Amino acid sequence: MTLAEISLGAFGAFSGLRLVSYFPQIYRVARDANGASAISYTTWTMWTGSHLSTGCYAAINLGDRLLAACSGLYALCCVVVIVMTAIKRHRYAGRTVEADASRSAGSAWLRITRPRAGVSRHCSESARFPSMP
């Protein structure tokens, strides 16, 4: 086996693994309930640019359509992660605003129902709120 055959085999194997490795990330973003906060736009955008530039270089300078197609597919997977993250964050931001509004509306109720200062939580209800004469 020649060095060229070994490097082509390694490229094929790791390219397949790389492609498959995007799917768990896409799945995690899809299932995330916190706005995909662990996803870095900077990192995924850099990976997208790297794959696109590799694909362009392979197509234009090397005439290697296989490498260009693989790089294009990797870039597409990165774009899917970026778009799904943007959608998740947009939806999460809407829920956060609604939750903040409901908390603000409920805070007056919480202030009213809290025990008065200096009153033990363990005292009886009649001791906390004595009946009026």
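Bear in mind these aren't lab numbers, they're just calculated from the coordinates by the rules spelled out. Here the structure is a predicted model, which is why all the values come from computation and not from measurement. Heads up, the Cβs are rebuilt from the backbone with ideal geometry, glycines too, and the neighbour counts pull from every protein chain shown.
If Lys and Arg each add +1 and Asp and Glu each add -1, what is the summed charge of the other residues whose beta carbon sits under 12 Å from the beta carbon of Ile26?
Local net charge: +2.
Ranked highest first by average number of other Cβ atoms within 10 Å, how do 30-41, 80-91 line up?
Result, highest mean Cβ count within 10 Å first: 80-91, 30-41.
Beyond 15 Å, what share of the Cα-Cα pairs of the range 37-104 remains, rounded to the nearest whole percent? List each step's numbers first, then the result.
Numbers: 1385 of 2278 pairs.
Value for the range 37-104 (Cα pairs over 15 Å): 61 percent.
Can you compute 3J(HN,Hα) from phi for each residue in the range 66-80, using the Karplus curve 6.51 cos²θ - 1.76 cosθ + 1.60 with θ = phi - 60°, rounded to whole Hz and x for Gly and Pro?
Ordered by residue, 3J(HN,Hα) equals 5, 5, 5, 5, 4, 5, x, 5, 5, 4, 4, 4, 5, 5, 4 Hz.
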